[in-house]
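Have a look at the structure below before the remarks.
Any read-out appearing in this document is the output of simple, stated calculations on the displayed coordinates, not a laboratory observation. All figures in this text were calculated on a predicted structure; none of them were measured in a lab. Glycine also receives a Cβ, built like all others from the backbone with ideal geometry; neighbour counts cover every protein chain displayed.
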Amino acid sequence: MAASRIALGVMRMDVLNKYDAANVLNTVLKRGVNFFDTADIYGFGAGHAHASSEVFGTALKDTGVERSDVFIQTKFGILIDYSNGSARRYDSSVKNLTESLDGELVALGTDYVDSVLMHRPDPLVDADEFANVIDTLISSGKVRHVGVSNMDPWQIEYLQSSLKTHIQVDQLQFGLMHTPIIDAGIHVNMSDDDAISREGGILPYSRLRNITIQAWSPFQSDTQYGAFIGNPHFPELNNELDRQAQKHNTTLNAIATAWVLYHPANIQIILGSMNPQRLSQMIDGDTVQLERQDWWDLYKAAGHRVP
């Protein structure tokens, strides 16, 4: 099963009733989205692990879609204190990863996931132990592909050194207002803050290693003001988004999606909205044909400096 370039992230689905959840799924399925991203910790509204996956699993059954027609990805490796939403620890132990994956399968109502990602880098990880867990999950048929999330090149190299299977994905925050994976590459040989490589060259590394970057929270402003679309705190970006939307006869949401998808690294984008109308607009971005200057004009309007 090949995953669509656009995915629906179900992190917020735990607060929906079964009818609204099914409506969200039907909206994206009708638009060709067959890729769904979740995690064992998603369920902050419900206040317990696997909650979003449970709602998603029920909605999947209610839509009547065949399991083989969708690509389901989950993440594990974080233990959450649901009383305050903070992480207790990152845990790559055999016990935690095995129990977590089994809990996800029950919640999702399936006997396998297409892909599983290590959610955050565990400083106590042992590559051999991690590889043994993954190999066991794959050989048992519970997992088909493996990836990581929020990791830099050396962290990936360390895990890959023991794995029999190729790490296929690195899930990273990326969108118009969160661009550190490209900023340092633009500011090479400069002394400004944007020249600091905080991710160790993860974008060119991923392209060289045939690792797909998946963009999470692509509509967040990376500030205390939340999402940037229609937000009065970001007038220059919204003016440019509006100009581009008029030029391409579409919406601001579609343009923001198209900006991520334009990059030649074939980045996949994870949409987290639970609003069917907004989701439809975002998905429209897959058909928008931006021009090269459009991409740069949006990048600059988001406040990024081009030296």
Problem - Euclidean distance between Cα centres, the stretch 124-189 to the stretch 37-72, Å - result: 23
Practice task
Towards the positive end of the charge dipole of the chain, with charges on Cβ (+1 Lys, Arg; -1 Asp, Glu), say which of 280, 109, 8 has the farthest Cα.
Solution key: 280
Fill in the blank from the handout: Computed for the chain: size of charge dipole around the Cα centre, +1 on C-beta of each Lys and Arg, -1 on C-beta of each Asp and Glu, debye to nearest 20, value 540
Problem - Distance between modelled label sites at residue 129 and residue 293, nm, 7 Å Cα→Cβ extension - result: 5.6
Fill in the blank from the handout: When the charge dipole of the chain is computed with +1 at the Cβ of Lys and Arg and -1 at the Cβ of Asp and Glu, the Cα pointing farthest to the positive end, of 223, 203, 298, is that of 298
Completion exercise
For the table 75/95; 18/61; 30/142; 18/142; 61/142, the rows whose alpha-carbon distance is greater than 22 Å are 30/142; 18/142
Problem - Helix-only [θ]222 nm of the chain, DSSP H runs n ≥ 4, -39500 (n - 2.57) each, per residue, nearest 500 - result: -11500 deg cm²/dmol
Exercise for the section: Report, by chain and number, residues whose modeled amide H sits under 5 Å from the one on residue 165, excluding near sequence neighbours (fewer than 5 apart, same chain). Expected result: none
Handout entry: the stretch 165-212, dipole about Cα centre (Lys/Arg Cβ +1, Asp/Glu Cβ -1), debye to the nearest 20
Key = 280
Handout entry: Magnitude of the charge dipole, the stretch 248-307, Cβ model with Lys/Arg +1 and Asp/Glu -1, debye to 20
Key = 200
Exercise for the section: Using packing as a proxy for protection, rank 248-257, 12-21, 41-50 so that the peptide with the highest average count of other Cβ atoms within 10 Å comes first. Expected result: 248-257, 41-50, 12-21
Exercise for the section: Please sort 2-11, 198-207, 85-94 by packing, taking for each peptide the average over its residues of neighbouring beta carbons within 10 angstrom, highest first. Expected result: 2-11, 198-207, 85-94
Exercise for the section: May I ask you to compute the full-extension gain from residue 209 to residue 30, defined as 0.36 nm times their residue separation minus their alpha-carbon distance, rounded to one decimal in nm? Expected result: 61.1 nm
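Does the stretch 204-248 come out rounded, prolate or oblate, given a ≥ b ≥ c as the square roots of the eigenvalues of its C-alpha gyration tensor, rounded meaning a/c under 1.5 and, failing that, prolate meaning a/b above b/c?
Oblate is the answer for the stretch 204-248, as a/c is 1.5 or above yet b/c matches or exceeds a/b.
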